[in-house]
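Student: Dumping the structure here so I can ask a few things about it.
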Amino acid sequence: MNAEVQPGEPWTAATLDLPTAQTPRPGAELSIVVPTFNERDNVVELVLRISRVLGSSPWEIVFVDDDSPDGTADLVRALAGKNSRVRCLQRIGRRGLSSACIEGMLSSSAPYLAVIDGDLQHDEQLLPRMLEILKTEEVDIVVGSRYAPGGEIGDWDAKRARISRIASRLSRVLVPAELCDPMSGFFMIRRDVLQSAAHDLSAIGFKILADLFASSKGRLRFRELPYRFRNRHAGESKLDSVTAWDYFMLLIDKMTGHWVPVRFVAFCIVGALGVAVHFASLTLITRLLGASFIEGQAAATLSAMTFNFALNNVLTYRDRQLRGWRWLRGWGTFVLACSVGGFANLGAAKAVYDMHHGWAMAALTGVLVGAVWNYAVTTLWTWRRPRGARGA
Ligand code: GDD
Ligand code: MN
């Protein structure tokens with residue numbers, strides 16, 4: 001470099017004045033983002049197939065791996081060492097298909113962005129056509145579609161096909177009715193479309209496409225290309241029944257316009273269920289086991305807390321789920337935090353009651369103060385992020 005570039009001073013490529021041998025190559029035109037969790041046995045085949053269809057055009061592939069125990073990220077880094085088109089973004093202490101896709105897209109600078117599953121179920125041969133359409137037509141997003149005329153869902157059993165159809169129908173709240181496959185995890189968009197939606201994305205669960213449609217400023221102009229959904233190459237699906245809950249959370253987040261943290265909503269729903277568990281256990285313990293009220297109340301409180309902890313762990317904090325001994329430690333901190341929350345509840349309720357606002361108002365204030373306390377403390381303590389991922 002010749003001279004220092006002062007802050008605020010304009011600079012050009014010439015300012016860098018690099019020796020010819022170091023002249024930088026232009027960046028990729030197309031970034032293909034692949035979310036992965038335990039896809040080690042599919043990675044090489046996917047890179048080979050994509051290389052075959054995209055050839056020597058300027059493309060790159062970004063794997064966003066959530067610290068897969070099978071070592072997917074190590075394999076991707078090994079490939080990246082051999083081929084600079086391959087990149088690895090490893091996230092620690094995080095889970096989530098949508099957020100992985102979003103962060104992968106934001107990690108690249110390419111003007112065109114594609115998202116494709118890592119298990120070879122999507123037809124990578126559509127990629128050149130998708131790019132062509134975005135470049136030549138007035139289209140914001142091209143969606144690979146199983147339900148557009150000519151598309152197929154492959155060898156799905158009747159149950160899976162039914163669930164997928166129901167989910168598609170529910171998504172009408174978020175996406176235009178004419179989109180045949182709103183659940184598709186396979187699409188390509190222009191960079192400016194992503195950037196205009198980026199700050200409003202909910203990034204919850206796995207409905208990245210519905211999230212994009214719902215978060216974009218204007219109405220997205222889309223095209224669908226039919227393809228046949230293939231069977232998984234290796235490994236197994238990561239989507240389970242809890243993904244339905246994530247979807248529900250995405251809807252709440254979109255409907256409340258981010259005003260209430262959606263995690264807090266989930267925490268309160270779980271808390272309300274905990275009240276039912278409390279009454280059921282109280283009845284059981286006092287009536288059937290003949291315990292005294294106070295013994296029953298103590299046991300019911302502990303049961304409800306344990307129930308709340310376990311359910312929050314799989315639903316509310318699914319992306320930071322505690323397992324093994326961490327589960328036990330988490331349970332301990334949860335019970336402690338909520339016990340203090342109980343006192344906060346009593347204190348607040350008493351204060352309002354003393355101001356003669358009536359018992360209902362006093363009770364409600366107590367419950368709300370307790371809930372906010374429990375939520376805040378357990379978020380920071382029980383489900384705090386692991387060391388490597390703080391601040392993320
Ligand atoms: N980084 C990351 N984090 N990747 C994930 C996660 C996660 O928490 N969960 C799943 N993935 C990756 C998988 O490794 C795979 O590459 C891709 O996301 C899709 O996951 P699958 O587990 O194969 O999902 P599927 O085949 O059951 O679901 C597909 O069809 C749905 C429609 O029925 C996906 O394409 C969904 O996006 C789609 O909505
Ligand atoms: Mn799959």
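Student: How large is ³J(HN,Hα), in whole Hz, for each residue of the range 188-196 in order, when computed from phi with the Karplus curve 6.51 cos²θ - 1.76 cosθ + 1.60 and θ = phi - 60°, using x for Gly and Pro?
Tutor: With coefficients 6.51, -1.76 and 1.60, one gets 9, 9, 7, 3, 5, 5, 4, 4, 6 Hz.
Student: Shape of the range 55-146 from its Cα gyration tensor (a ≥ b ≥ c, root eigenvalues): rounded if a/c is under 1.5, otherwise prolate when a/b > b/c, or oblate?
Tutor: prolate
Student: Now, a different point. With +1 on each Lys and Arg Cβ and -1 on each Asp and Glu Cβ, how big is the dipole of the chain about its Cα centre, in debye rounded to the nearest 20? Write down the numbers at each step before the final one.
Tutor: On the way: 44 positive and 38 negative charges, 158 e Å.
Using only the charged Cβ atoms, the result is roughly 760 debye.
Student: Moving on to the next point. Sequence-distant or interchain residues sharing an amide H contact under 5 Å with Asp67, placed H: which?
Tutor: Residues meeting the amide H criterion: Arg91.
Student: What are the extents of the Cα atoms of the chain along their three principal axes, listed from largest to smallest and rounded to whole Å?
Tutor: 83, 62, 41 Å, listed from the longest principal axis down.
Student: Starting from 0 in steps of 10 Å, tell me what percent of the Cα-Cα pairs of the range 87-135 lands in each bin.
Tutor: Distribution as computed: 19, 49, 28, 4 percent.
Student: Residue by residue, what Karplus-based ³J(HN,Hα) values in Hz, rounded to whole numbers, does the range 58-68 have, using 6.51, -1.76 and 1.60 with θ = phi - 60° and x for Gly and Pro?
Tutor: Listing the rounded values in order: x, 10, 9, 10, 10, 8, 10, 10, 8, 6, 4 Hz.
Student: A follow-up question, please. Considering the range 318-392, what Rg and Dmax in Å follow from its alpha-carbon atoms?
Tutor: 15.7, 50
Student: Within the chain, what's the longest run with no GluC sites (Glu not before Pro) in a DSSP loop and at most 16 other beta-carbon atoms within 10 Å? Give the range, please.
Tutor: The answer is 237-392.
Student: Of the listed pairs Lys217/Lys238; Lys135/Lys254; Lys217/Lys254, which have alpha-carbon separations greater than 21 Å here?
Tutor: Flagged as over cut-off: Lys217/Lys238; Lys135/Lys254.
Student: Right, here's the next one. Cα centroid distance between the range 82-132 and the range 213-241, in Å?
Tutor: Centre-to-centre (Cα) distance: 13 Å.
Student: Using a/c under 1.5 as the rounded threshold, could you call the range 142-192 rounded, prolate or oblate? The axes a ≥ b ≥ c are square roots of the C-alpha gyration tensor eigenvalues, and prolate needs a/b larger than b/c, oblate otherwise.
Tutor: oblate
Student: What is the range 223-269 by shape, rounded, prolate or oblate, if you read a ≥ b ≥ c off the alpha carbon gyration tensor as root eigenvalues and call it rounded for a/c under 1.5, prolate for a/b larger than b/c, and oblate otherwise?
Tutor: Here the range 223-269 falls in the oblate category.
A short reminder: the numbers here are calculations on the coordinates, not readings from a lab. Keep in mind that this is a model prediction, so the values were computed, not measured. Don't worry about glycine lacking a Cβ; one is built from the backbone with ideal geometry, like all the others, and counts go over all protein chains shown.
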